[in-house]
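The values are calculated or read from the model by the stated rules, or taken from the named source; none is laboratory data. Quick caveat: nothing in here was measured; it's all calculated off a predicted structure. Here the Cβ positions follow ideal geometry from the backbone for every residue, glycine too, while neighbour counts run over all protein chains shown. Side chains are part of the model used for accessible areas, which takes the heavy atoms of the whole protein and leaves out ligands, DNA and RNA. Shrake-Rupley method; radii C 1.70, N 1.55, O 1.52, S 1.80 Å.
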Amino acid sequence: MSDKLYIRFCFCLGLLLCSKSGISQITKDSLFLQHLIGKEQYNDAITFTNQLERKYPISTQAQLQLAYQKGFAFYSLKQLDSASVYFAKVSSESPFFSKSQFWAGLSDSYLRDFTKAEKYFKAINSKDSLNRSLQTFELAGLALLQRNQQRFDSLYKHLDPNLYALQKQQANYLLYRDDILKQQKKSGFKAGLLSAIIPGAGKIYAGGQLGQGISAFLQNTILGLQAYEGLRKDGVSSPRFIIYGSLFSLFYIGNIWGSALSVKIKRQEFNEKIDEQILFDMHIPLRTLFN
């Protein structure tokens, strides 16, 4: 059965069941839309919301819900730009407003638009204790993404350690914080200096590359010894000294430069990996509490 036939079949079945129970048309459409999203038929849900947007006036309750449902469908499809746009359309009068602000903030966190993400998180009504805890949690995650340690420490103090839905993710936050601090302390200059003193030591310092460090040490040692032997036996003008001396210089300088560059590369790889983990932990409580 094609997707279009599936939609029509489910829609007609929903109408038949709802008509017998005397449920209003808006409720029928809403239930069917929730059915599509529950079945993870997100493309079909977006198509259906497009139809409903033309069907209902902007002021109706149905329209208040449609923007949230459409935003969630886009988010589930990882179309985060569109998700953010539709979550932002949910008005403050809607019962879906707080949920929408959380999802909009997370969408923009993934898009690395941290200014917008913070605006959405802060717009949430924090009078509700659960919303307040979740708001603080998401803002703390945002601070980690921005590498703002002082802001993170300040927010983390206000997290509720007894809230079961956030306990594991809060513990992970502390691990990420410590890992970020360790990574930030590593210096390209120091890596280069270590490799200048002991070839290969900078690579080990940069990212625990023991094998590469030992390899660089052996290469430089062998070339250096060959150059020294050529100099000792045949003098400065000997072909052996010139060849091995040139190779040693090339490998020695390259090792220093490569060690300094390794810190930058490792930091970039680390940041990408840790950001992915932070965003995943920011996502989990929303998925758990809102579904």
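Residues are listed down the side, and each one gets a yes or a no for (1) open to solvent by 60 Å² or more (accessible area, probe 1.4 Å); (2) out of contact with any Gly (no Cβ under 7 Å at 6 or more places or on another chain); (3) outside any helix (DSSP H, G or I):
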| residue | (1), (2), (3) |
| --- | --- |
| PHE241 | no, no, no |
| TYR244 | yes, no, no |
| SER249 | no, yes, no |
| SER262 | no, no, no |
| PHE270 | no, yes, no |
| LYS273 | yes, yes, no |
(1) at pLDDT 80 or above; (2) open to solvent by 90 Å² or more (accessible area, probe 1.4 Å); (3) not in a helix (DSSP H, G or I): which one isn't true of VAL236, the others all being true? (1)
Please name all residue pairs, on different chains or six or more residues apart, with Cβ atoms under 8 Å, provided the first residue is in segment 117-131 and is loosely packed, with under 13 Cβ neighbours inside 10 Å and the second residue is among the hydroxyl-bearing types (Ser, Thr, Tyr) and in a helix (DSSP H, G or I). ASN125/SER98; ASP128/SER98
Residue pairs qualifying under the 8 Å Cβ cut-off, at least six apart or on distinct chains, with the first in segment 237-254 being farther than 21 Å from SER215 by Cβ and the second being in a loop (DSSP other than H, G, I, E, B), are PHE241/GLY235
The condition from (1) surrounded by fewer than 20 Cβ atoms within 10 Å (Cβ to Cβ); (2) closer than 23 Å to ARG112 by Cα that PRO161 misses is numbered (2)
ARG132 meets each of (1) touching a Ser or Thr at 6+ places or on another chain (Cβ under 8 Å); (2) under 25 Å from GLN34 (Cα atoms) with one exception, condition (2)
Can you name the condition, by its number, that SER94 falls short on among (1) more than 21 Å from PRO285 (Cα to Cα); (2) open to solvent by less than 30 Å² (accessible area, probe 1.4 Å); (3) part of a helix (DSSP H, G or I)? (3)
List pairs: first residue in segment 32-44 and polar (S, T, N, Q), second residue modelled with pLDDT of 80 or more anywhere in the structure, Cβ distance under 8 angstrom, at least six positions apart or on different chains. GLN34/GLN69; ASN43/ALA73; ASN43/LEU77
How many residues are open to solvent by 20 Å² or more (accessible area, probe 1.4 Å) and either polar (S, T, N, Q) or not in a helix (DSSP H, G or I) (or both) if we restrict to segment 220-233? 2
Scan segment 158-196 residue by residue and report those that are hydrophobic (A, V, I, L, M, F, W, C) and in a loop (DSSP other than H, G, I, E, B). LEU159, LEU163
Output the number of the condition that ALA216 fails; it satisfies all remaining conditions of (1) touching a residue at least 24 places away in the same chain (Cβ under 8 Å); (2) closer than 30 Å to LEU144 by Cβ; (3) of a type outside the set (Phe, Trp, Tyr); (4) in contact with a Phe, Trp or Tyr (Cβ under 9 Å, 6 or more places away or on another chain). (2)
Test LYS127 against the criterion of being part of a helix (DSSP H, G or I) and more than 19 Å from the chain's Cα centre (by Cα), and give yes or no. no
Does segment 132-150 include one or more residues that are over 22 Å from the mean Cα position of the chain (by Cα) and under 26 Å from SER94 (Cα atoms)? yes
